[in-house]
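The values are calculated or read from the model by the stated rules, or taken from the named source; none is laboratory data. Source: prediction; values computed, not measured. Neighbour counts are summed over all protein chains in view; Cβ atoms, including those assigned to glycine, are modelled from backbone coordinates with ideal geometry. The accessibility values were calculated without ligands, DNA or RNA, using every heavy atom of the protein model including side chains. Shrake-Rupley method; radii C 1.70, N 1.55, O 1.52, S 1.80 Å.
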Number of protein chains: 2
Amino acid sequence: MLPTVDVLRGAIVESRHRVSVAVVDAGGTLTARAGDPDLVTFWRSAAKFFQAIPLLTDGAADALGITDAELGVACASHNGEPRHVELAASLLARASCGAGDLACGPHPSLAEPVAREMAERGEQPTRLHSNCSGKHAGMLALARHRGWPTMGYADLGHPVQARCVAEVARWTGVPEGAIGLGVDGCGVGCFALPLRAMALAYARLGARRLGGVGSEAREAAADRLIRAVTAEPFLIAGTARLCTEILAASGGRVIPKVGAEGVYSAALPELGLGVAVKVEDGDFRSSGPALLAVLDQLAPGCVPVAEEWRKPELTNTRGMTVGWLEAHVPLAALK
Amino acid sequence: MLPTVDVLRGAIVESRHRVSVAVVDAGGTLTARAGDPDLVTFWRSAAKFFQAIPLLTDGAADALGITDAELGVACASHNGEPRHVELAASLLARASCGAGDLACGPHPSLAEPVAREMAERGEQPTRLHSNCSGKHAGMLALARHRGWPTMGYADLGHPVQARCVAEVARWTGVPEGAIGLGVDGCGVGCFALPLRAMALAYARLGARRLGGVGSEAREAAADRLIRAVTAEPFLIAGTARLCTEILAASGGRVIPKVGAEGVYSAALPELGLGVAVKVEDGDFRSSGPALLAVLDQLAPGCVPVAEEWRKPELTNTRGMTVGWLEAHVPLAALK
């Protein structure tokens with residue numbers, strides 16, 4: 001069966017999102033799949049854990065006194081809610097930088113209810129409200145600590161971006177030269193990789209097990225980031241956002257991270273597995289139901305979030321329910 | 001080759017939209033296709049010409065003095081710009097109705113620049129700003145003229161909706177009982193049909209040739225609607241909208257109509273052809289480039305719109321160009 005998330009209007013399938021999935025263990029074995037686990041696409045914001053790890057391994061967090069909550073926001077695609085903004089600002093301050101140093105542009109909150117409330121309050125989003133402001137503040141802190149110029153930190157040629165590529169290469173097992181580079185929605189580098197490599201990185205992240213030279217500091221960094229986001233699930237996303245719901249409902253048994261263009265990654269530390277999901281067409285509405293369909297097969301009952309996350313309803317401009325989404329993403333077990 | 005609209009970030013395909021197309025002549029022959037021309041999906045707003053025809057055939061337009069410009073807005077998915085709103089209001093007045101009688105809910109303008117300008121002026125969209133307000137006003141005029149209750153005109157069980165189903169059946173050649181019904185984004189009925197049947201209806205519309213009992217009034221209605229939208233291309237959509245651009249640039253040689261969830265239909269009267277396009281996943285950004293790729297093969301040079309419509313750029317929150325869309329929709333000729 002073709003793995004899809006179907007969009008039904010009444011009882012009729014109106015549209016169909018094709019899905020590919022890789023499930024990999026920390027040893028690099030593909031244990032299950034749907035669609036094409038070798039599909040290459042950009043990791044987008046699902047790479048943020050790995051863009052934050054250098055803050056720890058390179059000593060910036062210790063030297064600048066960065067808190068766990070600030071680390072949580074550095075890994076986040078957050079809603080720009082007051083706590084997110086405060087933490088991004090305090091992380092920026094540790095880098096002796098201000099909001100004007102951020103290279104990310106403003107945009108409305110990723111959570112529609114939050115965006116609407118901000119608009120109703122007449123509140124314009126700033127760069128600090130960008131879902132990526134914590135990541136950017138972290139990159140500025142890394143530049144400050146390493147003695148690199150903070151100016152231009154987002155450009156692909158800057159040492160901060162090169163450092164992130166190197167970190168992504170370590171965790172994914174893909175050589176730096178084989179990682180496709182693009183410019184992300186917020187202006188920094190982003191990484192084109194096979195789903196299988198993304199899943200491996202999350203398996204290793206969750207297992208805190210990497211191996212090789214310098215792995216101990218990296219494994220410790222993974223442990224601290226996971227503890228940071230699990231201690232306060234609100235940080236990684238916010239109100240009415242699936243990443244926060246999954247972290248909270250699973251009690252940290254699943255470490256999820258959404259990305260733009262239909263990307264989702266997750267670690268399942270107890271099972272030693274990593275998951276990477278891509279909705280082929282880049283759709284956002286369907287990536288969450290697709291991930292949940294995968295998690296429900298790998299760890300039944302592990303993610304007791306509300307049914308509306310699994311089967312979101314579609315409403316029209318009159319507020320009527322006119323349809324819903326249905327994920328059909330059967331995993332083919334390989335091991 | 002798989003017909004797709006590819007989303008590139010830098011030189012790398014990040015996401016991919018699959019496309020199906022039917023090209024049919026007024027005699028019902030499938031003359032070209034891409035993907036699956038028998039794909040069943042909802043026609044959504046691409047059905048609006050056929051929902052407006054009863055206004056003419058049933059005598060409402062003559063009896064109530066409905067103008068060509070009002071007919072144009074009845075066929076539109078408009079931007080809610082001042083002229084659209086005025087015309088929807090004047091059409092409503094001919095039905096002795098007001099904005100409070102409209103069943104459609106408000107939403108921001110379909111053109112992002114128009115939506116932004118309205119928001120910056122602090123202007124809240126009303127029901128009259130709904131892209132469907134002209135269609136709804138027309139349905140109220142039909143109900144008034146036919147002596148049906150105006151209350152509940154949007155409900156599937158109301159005679160107005162039954163009348164629309166009957167009209168759609170005539171033009172598409174699909175029996176009423178075989179048309180799947182759903183509730184549209186604005187609350188009225190919408191029609192699930194094979195792409196092939198949608199294309200046939202547009203071929204007949206453009207040719208003003210239907211045949212069968214009662215066809216003369218229907219053909220005259222088609223002619224008046226086409227003249228109405230061609231005389232003032234702004235009406236059918238508005239500023240920065242592809243339907244308006246195609247109508248204007250082609251000088252009426254192409255009569256296009258967009259629908260939600262990745263649907264596009266068009267008539268090419270000179271060639272006697274109708275076209276129906278569906279982006280499988282329901283995506284909006286890619287349906288226009290897909291339609292243009294089809295039109296460029298059927299009638300090269302016929303639609304001299306700006307290149308940005310064929311190959312839209314993707315910008316990020318910093319305003320940088322980070323990618324673009326590329327339509328690869330080769331038609332397989334069948335005749």
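Some points to look at:
- Once the Cβ-Cβ distance of A:Asp38 and A:Thr315 is raised to the sixth power relative to R0 = 35 Å, the FRET efficiency obtained is 0.40.
- By the Stokes-Einstein formula, at 1.002 mPa s and 20 °C, the stretch A:65-169 with its Kirkwood radius over alpha-carbon pairs has D equal to 154 µm²/s.
- Each pair of Cα atoms in the protein assembly as shown enters the Kirkwood radius, and Stokes-Einstein at 37 °C and 0.692 mPa s then converts it into a translational diffusion coefficient of 125 µm²/s.
- Between B and A, accessible area buried - total, square angstrom, nearest 100, 1.4 angstrom probe: 3000 Å²
- For the pair A:Glu307 and B:Asp223, label points projected 7 Å from Cα toward Cβ lie 5.6 nm apart.
- Note on chain A: with a GNM built from Cα contacts shorter than 10 Å, the maximum mean-square fluctuation among A:Ala74, A:Ala248, A:Ala306 falls on A:Ala306.
- Using the rule -39500 (n - 2.57) for each DSSP H run of four or more residues, divided by the residues of the protein assembly as shown, the 222 nm mean residue ellipticity is -11500 deg cm²/dmol.
- Cysteines not pairable in chain B (beta carbon separation under 4.7 Å absent): B:Cys75, B:Cys97, B:Cys164, B:Cys190, B:Cys243, B:Cys302
- Distance between the stretch B:218-247 and the stretch A:183-215 - C-alpha centres, whole angstrom: 51 Å
- Legend: mean number of C-beta atoms from other chains within 10 angstrom of residue C-beta atoms, peptide B:12-25, equals 4.
- Under 19 Å from the B:Asp68 label point (7 Å along Cα→beta-carbon), backbone N, the stretch B:232-249: B:232-238, B:244-249
- Spin-label pair A:Val213/B:Leu334, simplified geometry with 7 Å Cα→Cβ offset, distance in nm: 6.2 nm
- Percent of Cα pairs in the stretch B:179-287 per distance bin of 5 Å, from zero to the largest separation: 2, 12, 18, 23, 23, 15, 5, 1, 0.
- At R0 = 22 Å, FRET efficiency that the Cβ-Cβ distance of A:Ala240 and A:Leu2 yields, to 0.05: 0.15
- Per the Kirkwood formula applied to alpha carbons, the stretch A:49-104 shows a radius of gyration over Rh ratio, Rg over Rh, of 0.94.
- Normalised alpha carbon radius of gyration of the stretch B:1-65 [divisor 2.2 N^0.38 Å]: 1.76
- Within straight-line reach of B:Lys135, meaning a Cα separation under 18 Å, sit the following lysines at least 8 residues removed in sequence or on another chain: B:Lys48, B:Lys257.
- Reduction of at least 50 Å² in accessible surface, 1.4 Å probe, comparing all protein chains with the chain by itself, residues of the stretch A:291-335: A:Thr317, A:Arg318
- On the protein assembly as shown, 54 percent of the accessible area sits on carbon and sulfur atoms, based on a 1.4 Å probe.
- For the stretch B:196-236: rounded, prolate or oblate by the Cα gyration tensor [a/c cutoff 1.5]: oblate
- Dimensions in Å of chain A - Rg and Dmax from alpha carbons: 18.9, 60
- Accessible area in square angstrom per residue, the protein assembly as shown, 1.4 angstrom probe: 34 Å²
- Globularity ratio of the stretch A:231-335, using Cα Rg and 2.2 N^0.38 Å: 1.08
- A 1.4 Å probe, protein heavy atoms only, puts the accessible area of B:Ser90 near 40 Å².
- Cα-based radius of gyration for the stretch A:1-136, normalised by 2.2 N^0.38 Å, reads 1.36.
- Shape parameters for the stretch B:120-217, alpha-carbon atoms, Rg then Dmax in Å: 15.6, 52
- Computed over the stretch A:273-335, the ratio Rg/Rh where both radii use C-alpha atoms and Rh is Kirkwood: 1.03
- Comparing mean-square fluctuations of B:Pro37, B:Pro106, B:Pro82 from a GNM of chain B with C-alpha springs under 10 Å, the top value falls on B:Pro82.
- Förster radius 60 Å - calculated FRET efficiency between B:Ala166 and A:Ala248, Cβ distance, rounded to 0.05: 0.70
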